[in-house]
Amino acid sequence: MAIVIDPDECIGCETCVELCPEVFEMDSDGEKAVVINPDSTADCVDEAIDTCPSEAISKG
C-alpha cells in the first residue's frame, strides 16, 4: 500500500517530516509535505499518520 499525502489537506506543519524524514520532505516551495518513499514500511509512518493535524496522510 502506497503512502500518499492529499495536497489539498496538507497545511505544511512539517510534523511528518520531523517524525519520518526518510519518507517525507517538504516540496520545493517549502509549503507542503511530499512522499519521497511511498513504499516504506518504517514504523514512523503510522506515527506520522496519527499525528497529522489535518489528516492528510494515508495508505492508499
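No value in this document is a laboratory result; all are computed from the given coordinates. Worth saying up front: this structure is predicted, and the values here are computed from it rather than measured. Heads up, the Cβs are rebuilt from the backbone with ideal geometry, glycines too, and the neighbour counts pull from every protein chain shown.
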Signed unit charges on C-beta, dipole axis of the chain, positive-most listed residue Cys13, Pro53, Val34:
Val34
What number results when the radius of gyration of the chain, computed over Cα atoms, is divided by 2.2 N^0.38 Å?
0.95
Give me, ordered by chain and number, the residues 5 or more places off Lys32 or on other chains with an amide H under 5 Å from its own placed amide H.
Asp27
In debye, nearest 20: dipole of the chain around its Cα centre with unit charges on the Cβ of K, R (+) and D, E (-)?
120
Lys and Arg at +1, Asp and Glu at -1: add these up for the other residues within a Cβ distance under 13 Å of Asp43 and post the number.
-4
